[in-house]
1. Arg298 fails exactly one of the following numbered conditions: (1) open to solvent by 20 Å² or more (accessible area, probe 1.4 Å); (2) without any contact (Cβ under 8 Å) to a residue 40 or more places away in the chain. What is the number of that condition?
2. Can you pull out every residue in segment 236-256 that is assigned to a strand (DSSP E or B) and either out of contact with any strand residue (DSSP E or B) (no Cβ under 8 Å at 6 or more places or on another chain) or within 11 Å of the ligand (Cβ to nearest atom) (or both)?
3. Starting from residues that are under 18 Å from Val181 (Cα atoms) and not β-branched (Val, Ile, Thr), keep the ones in segment 276-285 and report whichever is surrounded by the fewest Cβ atoms within 10 Å (Cβ to Cβ).
4. Among the candidates Gly172, Gly161, single out the residue that is of a type outside the set (Asp, Glu), away from the ligand (no atom under 14 Å from the Cβ) and either assigned to a loop (DSSP other than H, G, I, E, B) or within 25 Å of Ala246 (Cα to Cα) (or both).
5. If I filter segment 286-306 for residues that are within 15 Å of the ligand (Cβ to nearest atom), in contact with a Gly (Cβ under 9 Å, 6 or more places away or on another chain) and modelled with pLDDT of 95 or more, do I get at least one hit?
6. If you check Ile154, Ile196, which single one turns out to be hydrophobic (A, V, I, L, M, F, W, C), without any contact (Cβ under 8 Å) to a residue 60 or more places away in the chain and open to solvent by less than 10 Å² (accessible area, probe 1.4 Å)?
7. I need every pair where a residue in segment 271-295 that is closer than 15 Å to Pro320 by Cα has its Cβ under 6 Å from the Cβ of a residue that is open to solvent by 40 Å² or more (accessible area, probe 1.4 Å), sequence separation at least 6 or different chains.
8. Find all pairs meeting these conditions: Cβ atoms under 8 angstrom apart; at least six residues apart or on different chains; first residue within segment 307-336 and without any contact (Cβ under 8 Å) to a residue 40 or more places away in the chain and within 11 Å of the ligand (Cβ to nearest atom); second residue of a type in the set (A, V, I, L, M) and part of a helix (DSSP H, G or I).
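The values are calculated or read from the model by the stated rules, or taken from the named source; none is laboratory data. All values reported here derive from a predicted model rather than from experimental measurement. For neighbour counting, all protein chains shown are included, and Cβ atoms are generated from backbone atoms with ideal geometry for every residue, glycine included. Side chains are part of the model used for accessible areas, which takes the heavy atoms of the whole protein and leaves out ligands, DNA and RNA. Shrake-Rupley method; radii C 1.70, N 1.55, O 1.52, S 1.80 Å.
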Amino acid sequence: MTAEKTERPLLQFAAPRRAKPARHLADLSMAERRAAVTELGEKAFRADQLSRHYFERLTGDVAAMTDLSAGARERLGVLLPPLLTPVREMTSDGGTTRKTLWRLFDGALVESVLMRYPDRATICVSSQAGCGMNCPFCATGQAGLTRNMSTAEIVEQVVSGARALANNEVPGGPGRISNVVFMGMGEPMANYKAVIGAVRRMVEPAPDGLGISARGVTVSTVGLVPAIGKLAAEGLPVTLALSLHAPDDELRDTLVPINTRWKVAEVLDAAWSYAATTKRRVSIEYALIKDINDQEWRADLLGKLVRNKLVHVNLIPLNPTPGSKWTASRPEDERAFVRRLQFHGVPVTVRDTRGREIDGACGQLAAAE
Ligand code: SAH
């Protein structure tokens, strides 16, 4: 092999080869859990017991499972290896927004954000350490891809948030997770298998999984067209969010570099097929960037592309990220953008900027210590 200086590629699909995290209960379907438990010399029904502890009572510590003999606890403990170590927690909004920095077994860092509202609690999870999609306005995109996360590493973020709510650690009384959004670090569709496994664990009823409604789960993507097609065929009615950010290829090529591979028309076609198959409204994400993509003519073009579709446009005032000169649109431009979309009859909302003060809002997750 010759050593040559390589620059980071525009798009990184394959994650670097690294040691894999240990196998965990949450990586396995119930059938696989029964097989794993049997292999460890225990009766198959122990898989149900373990699953109730983990997915219902949110206990990850075998020592606390007193309905198991000491011997069984020791043997089954290997199915609950610690995967996430909290490094730092930051809160805002009176404690109802909480960002956690996690260290994975190999030192990789990721973040998740728990957001509690009066009527729901949403956890924003990471699916990769870093990201290979290189969107210039996103802090995660600037760091490149470290590695894919495993199914259980993704699920553990949700379990930990659910535990914090159940234990009354978040103002508002004991609660449950109602929504999961794959809008943390990483491109979920570039880590397809692990992400689908995690979605299954989230939506399967207890004791197989956490019993969260599939309608409450949102998978956000830059637009990996073949993966969107695959997701539609899974029979999981999760919400698809498409990070569009520009209605024209010329601009989108620069804002969302995957557009050099799959163009606006192709990715929107994939989104409409997704909506047709799942009967779920597709969410179009559009970060409003001052003088870059917030012109009225672009709102008109977007309106024409998405009107009369099963769609909802979610405008996100750009959150500041280090090293980027871009900033959020002027309020009057934002209002005009909304009005143009409404003129075309397109349902549109402007997302709140929860967690901005703790760098926990969209596109701000950089997982630095
Ligand atoms: N990789 C996936 C999921 C993670 S990002 C995706 O891109 O969809 C979640 C959302 O935040 C995406 O719509 C992303 O484009 C948006 N985002 C990224 N950086 C942002 C920023 N600085 N301000 C506002 N939104 C941003």
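1. That leaves (2) as the condition not met.
2. Leu240, Ala241, Leu242, Ser243
3. Arg281
4. Among Gly172, Gly161, only Gly172 is of a type outside the set (Asp, Glu), away from the ligand (no atom under 14 Å from the Cβ) and either assigned to a loop (DSSP other than H, G, I, E, B) or within 25 Å of Ala246 (Cα to Cα) (or both).
5. Yes, that holds for at least one residue.
6. Residue meeting the stated conditions: Ile154.
7. Short answer, once both residue conditions are applied: Leu288/Glu334; Ile289/Trp326; Lys290/Thr327.
8. Taking only residues 6 or more apart or on different chains, the pairs are Leu315/Val338.
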